[in-house]
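Before any comments, here is the structure.
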Amino acid sequence: MSEPGALRARLDRLFREVAKFGAVGAVGVLVDLGVFNLVRHFTDLPVVRASVIATVVAIAFNYVGFRYFTYRDRDKSRRTKEMSLFLVFSLIGLVIQNGLLYTATYGFGWDGPLASNFFKFFGIGIATLFRFWSYRTWVFRALPAKEAVQTAESFLEQAPPRQATRRQPDRV
């Protein structure tokens, strides 16, 4: 493949990965904000505690989405290590996300519903940048090229053989 063609293929793969990550993340944001506002509305928990609960629920949702949608073609041989790393990086993201909310709420006194949702959303955005980098680099690792080819070959071997169709001659 030519150098510009190889670059284009890499950019296409990265674009698809970002799009899938974004799709799962967008639903995760809805889960996070939804749970956050439900907890805030129906309980007397402080803002940051409600946010931490919502973030934990979103983390669980996102793991399933990332593993079975965004990164379904990535290495699955070390699931325990994958889940451990996912939790570590997710917890760092949780601290980033909720640290911003904590600072806005208790540092600056911005604790109204609109301000809380704004800083929750802003924190999600900052933490998402960290999560994207850490998940793709450390958690959902790409298969080495040799293993990827073997995986594809084993998939093709499992597929049922296609029936050859013969073209019938045209009748005049």
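Values quoted throughout were computed directly from the atomic coordinates according to the rules given, and no laboratory measurement underlies them. Computed from a predicted structure; not experimentally measured. Virtual Cβ from ideal backbone geometry, glycine too; neighbours counted across all protein chains shown.
Straightening the chain between R16 and I92 buys 24.8 nm, computed as 0.36 nm per residue apart minus the Cα-Cα spacing. Cβ crowding within 10 Å, taken as a proxy for footprinting-reagent exposure, orders R131, R40, R16 from fewest neighbours to most as R16, R40, R131. Going from the residue with the fewest nearby Cβ atoms within 10 Å to the one with the most, V47, V24 rank V24, V47.
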